[in-house]
Each structure stands twice: as structure tokens, then as C-alpha cells.
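Coordinate-derived values only; no laboratory data. Only a predicted model underlies this, so the values are computations on that prediction, with no experimental measurement involved. Here the Cβ is made from the backbone with ideal geometry for all residues, glycine too, and neighbour counts use every protein chain on show.
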Amino acid sequence: MGKTAVCPGSFDPVTLGHLDIIKRGAKIFDHVIVVVLHNNSKDGLFTVEERVNFIKESTKDLANVTVDYFHGLLVDYANQKHVDVLLRGLRAVSDFEYELKITSINKKLNDDIETFFMMTNNQYSFLSSSIVKEIASHDALVEDLVPPVVETALKAKFESPAT
Ligand code: ADP
């Protein structure tokens, strides 16, 4: 049986940094499920449906990548899908501390789950969804940071209303 990994995140919105991890993961695992987690404590710029659609559009050429969403604990999602591998990306030391915390909690909740980390591609080491939103809100170009579908959506979101 093929090995499946779940790649979780807020993806609000998906960036080229996320897509780099997803694409590289898709070469290693037989199947990658990208899951948009709906987080109670985080209000998103985009709805979960929009985020899912952005990822679907940007990964449509990857036959072994599927996209889903979930409201709840990641370990519960993994159990439901009978998946025991999580895939995450690491950028900086600050990511490490956060990921260590999350991984430890997930391990406590389900000891059978393993988390695999992939180092960011150097060119995306500074890139985050928050930075993209900040840049787009000031009408600056985000074309090298996000896929075209997200660039268009950000433009529409931050377009100044006609006076
Ligand atoms: P979360 O809200 O769970 O941190 P994100 O959507 O911000 O989710 O990120 C999902 C995953 O993608 C995390 O593992 C994060 O570290 C990773 N990631 C985000 N941006 C990049 C990037 N530029 N390069 C590599 N990994 C990244």
C-alpha cells in the first residue's frame, strides 16, 4: 500500500513557499493530502472554501495531491483518514520552537503519528501568508510570492473602492 502524508496548515492564502513543500512532498510520498485547518482562534482573510480552491487550482497538475478542509484537531483528521504521517515545512529557528510544541502535543494525542519536516527552499525562507497579506494591502506586487490565482484574489480583495 502507498504511503500517504497529510500536509496541514491555515494556508491563508497559499504561497509559493507552501507549494514548494507540497510539490517536494509529492515526490516522496505516494499521496499528499493538503488540509486547510479551520482554526477557532484565527480569523482568516479568505474563507476556507476560497483557500481550498486556491490550493486545488495551484496543484491541479499534481496527480497525487488532493485538497481537503477540516474543523477540529489534526490528529482526529489523520485518524479519520488512516494516515500516520504529517508533513510540515521549516523556515527559521522561530518555526522550530512552534513546530516542536505542536509535534509534541500531536505525539501526546496519538503516539503513532510521525511528523516529517522539510527545510524551506532558500528563496522562500522569508515568505509567509502574513507577509503576503501585508504587502498586498499596500498595493505592492506579490507575483513572485504567490500563485496567479492568489495574486488575482488579493488584488480584488484590496482594490480601493471606486470613488
Ligand atoms: P500554520 O497556521 O499551521 O502555521 P501555515 O499555513 O502558516 O500554517 O503553514 C503551513 C506549513 O507550511 C507550516 O509547516 C509552515 O512552517 C510551512 N511553511 C509556511 N511558509 C513556508 C515557506 N515559505 N517555506 C517552507 N515552509 C513554509
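Towards the positive end of the charge dipole of the chain, with charges on Cβ (+1 Lys, Arg; -1 Asp, Glu), say which of V93, G44, L141 has the farthest Cα.
The residue sitting most towards the positive pole is V93.
Rg/Rh for the range 4-125 to two decimals, with Rh computed the Kirkwood way over all alpha-carbon pairs.
With Rg and the Kirkwood Rh in hand, the quotient comes to 0.93.
Report the net charge of residues surrounding F117, where surrounding means a beta-carbon distance below 10 angstrom and charges are Lys +1, Arg +1, Asp -1, Glu -1.
-1
What do you get for chymotrypsin sites (Phe, Trp or Tyr not before Pro) in the range 36-137 restricted to DSSP loop and a cutoff of at most 12 other Cβ within 10 Å of the site's Cβ?
F126
Going by Cα centres, the range 67-82 and the range 9-30 are how many Å apart?
So the two Cα centres are separated by 17 Å.
What ³J(HN,Hα) values, in whole Hz, does the Karplus curve 6.51 cos²θ - 1.76 cosθ + 1.60 give for the range 58-64 when θ = phi - 60°, with x put for Gly and Pro?
Running phi through 6.51 cos²θ - 1.76 cosθ + 1.60 with θ = phi - 60° gives 7, 10, 5, 8, 9, 5, 9 Hz.
Quick one: order L19, L109, L87 by neighbouring beta-carbon count within 10 Å, fewest to most.
By the 10 Å Cβ count, ascending: L109, L19, L87.
What lysines sit close enough to K56 to cross-link, taking a C-alpha to C-alpha distance under 27 Å and skipping anything fewer than 8 places away on the same chain?
Here the lysines satisfying the reach criterion relative to K56 are K3, K23, K27, K42, K81, K133, K155, K157.
Within the range 9-109, report the trypsin sites (Lys or Arg not before Pro) that DSSP leaves as loop and that have at most 14 other Cβ atoms within 10 Å.
Values: sites: K23, R24, K27, K42, R51, K56, K60, K81, R88, R91, K101, K107, K108; in loops: K42, K60, R91.
For trypsin sites (Lys or Arg not before Pro) across the range 9-109 that sit outside H, G, I, E and B with at most 14 neighbouring Cβ atoms in 10 Å, the list reads K42, K60.
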